[in-house]
1. What ranking do 263-276, 235-248 get when scored by the average of other Cβ atoms within 10 Å per residue, highest first?
2. Could you look at region 213-283 and say what percent of its accessible area is carbon and sulfur, using a 1.4 Å probe and all protein chains?
3. When Lys and Arg each count +1 and Asp and Glu each count -1, what net charge do the other residues less than 10 Å away from Gly139, Cβ to Cβ, add up to?
4. Using the per-residue mean of other Cβ atoms lying within 10 Å as a proxy for protection, in what order, highest first, do the peptides 225-231, 303-309 fall?
5. Whole-Hz Karplus ³J(HN,Hα) for region 174-191, in order, using 6.51 cos²θ - 1.76 cosθ + 1.60 and θ = phi - 60°, x for Gly and Pro?
6. Would you mind counting up the charge near Pro167? Only other residues with Cβ under 15 Å from its Cβ, with Lys and Arg at +1 and Asp and Glu at -1.
7. Which entries in the list Lys70/Lys243; Lys70/Lys295; Lys274/Lys316 go over 31 Å, if you measure between the two C-alpha atoms of each?
8. Per residue, how much accessible area does region 201-241 have with a 1.4 Å probe, in Å²?
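The values are calculated or read from the model by the stated rules, or taken from the named source; none is laboratory data. What you see is a predicted model; the values in this text were computed from it and never measured. As a convention, Cβ positions derive from the backbone with ideal geometry for all residues, glycine included, and neighbour counts pool all protein chains shown. Protein only, heavy atoms only, side chains kept; ligands, DNA and RNA dropped before computing areas. Shrake-Rupley method; radii C 1.70, N 1.55, O 1.52, S 1.80 Å.
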Amino acid sequence: MKQMLIRAGTGVLALLIAIGLTAAAGGASTRPERLGVAAHDLVRPGSSSASCVEPSAMRSKPLRNAQAAKSALHSYDDYIEDVMAAPDICAANIVTNDNQVITIGMHAHDRTAFAEGDAYSVYLDTDSNAATGTTPESGVPAGAEYAIDITDQASTLRHWNGTAFDPISTQTPIVTEWVDGYGPALEIARADLGDPQSFSLVYVTTNGVDHDLAPDTGMWPYTVSPFALTASRVVVATPRAGKVLVAGMEVTRSDFDIALDEGTITCRAKLVGKNLAGRGLFAGDLVACGWRIPKNARGKRVAGTVSVTFQGVTAKRSFNVRVR
Ligand SMILES: [Ca+2]
Ligand SMILES: [Ca+2]
């Protein structure tokens with residue numbers, strides 16, 4: 001399963017990191033202190049109702065820190081203890097997007113796994129018009145064009161045909177996993193939802209005739225953001241003749257406010273107009289490049305760039321230093 005998630009994309013895996021469950025993700029390298037307020041502060045492994053905020057703190061707002069002003073990560077909180085038998089949706093329900101997928105996490109604080117009798121769905125109003133789509137009934141909110149039914153490892157999609165839901169196949173499988181200490185999480189291709197630029201959503205859990213709708217009335221709005229990479233200042237180690245010159249930068253991805261650790265790195269540098277051969281790698285939270293400096297280069301200048309491209313987006317920084 002983990003391998004499948006890694007192959008399928010970073011979304012669910014990154015969600016594990018974003019909510020502070022790095023260990024469950026199999027050793028991802030992002031450190032908790034790099035997370036924003038993210039659900040890191042709201043969710044802990046084995047969380048109980050105590051980790052859900054009080055109703056007075058109900059929020060629907062972007063999760064962001066000063067460093068990642070372009071964050072796409074949003075968190076939504078539901079009341080707890082508003083159910084009889086259905087899984088109780090809690091705080092820190094998460095939605096985010098990159099250029100290809102939308103990642104949705106549902107925090108069910110009183111469950112530890114998918115179980116017989118429990119059902120989980122997300123209803124989406126993809127034309128942001130509550131007057132079109134579903135008519136409300138028990139366990140179904142008004143205005144939805146799509147419903148994702150979340151099941152172990154593979155979820156399914158239904159589309160509203162005007163009077164009822166039709167099951168539809170997706171071009172890309174809806175990658176799904178139960179995140180320990182949190183609840184179900186999935187990533188769905190934007191194209192499979194008609195690539196909406198904004199939508200509203202309602203989380204629904206069911207057990208028997210009991211439901212938890214989150215929010216209780218209406219829907220939570222979400223606006224899709226263009227995927228963005230934010231590069232820090234480039235840091236260059238003291239360049240010495242005959243040694244490897246190393247330059248690196250931190251690049252934050254907008255979907256999870258975490259360091260980018262995938263993509264294509266390009267390393268370019270010139271020593272007085274002559275190209276140096278470079279090599280790039282992801283090292284911890286850094287995108288790093290290395291170039292071997294000729295032994296006779298002392299006192300000469302090296303001008304270079306470190307760049308990384310992921311999902312068609314490039315982050316690039318330049319430097320110009322004198323060889324010691
Ligand atoms: Ca609830
Ligand atoms: Ca609608």
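1. Working: 263-276: 15.5, 235-248: 17.6.
Ranking the peptides 263-276, 235-248 by packing returns 235-248, 263-276.
2. Details: 1760 of 3420 Å².
The value for region 213-283 is 51 percent carbon and sulfur by accessible area.
3. On the way: positive: none; negative: Glu137, Asp210, Asp212.
That works out to -3.
4. Values: 225-231: 18.0, 303-309: 20.6.
Going by the mean number of other Cβ atoms within 10 Å, highest first, we get 303-309, 225-231.
5. Each residue's phi maps through the Karplus curve to give 7, 5, 9, 8, 8, 8, 3, x, 9, x, x, 9, 9, 10, 10, 5, 4, 4 Hz.
6. On the way: positive: Arg158; negative: Glu145, Asp149, Asp166, Asp192.
With Lys, Arg at +1 and Asp, Glu at -1, the neighbours total -3.
7. Details: Lys70/Lys243 37 Å; Lys70/Lys295 43 Å; Lys274/Lys316 20 Å.
From Lys70/Lys243; Lys70/Lys295; Lys274/Lys316, over 31 Å: Lys70/Lys243; Lys70/Lys295.
8. Details: 1800 Å² over 41 residues.
Accessible surface, normalised per residue, equals 44 Å².
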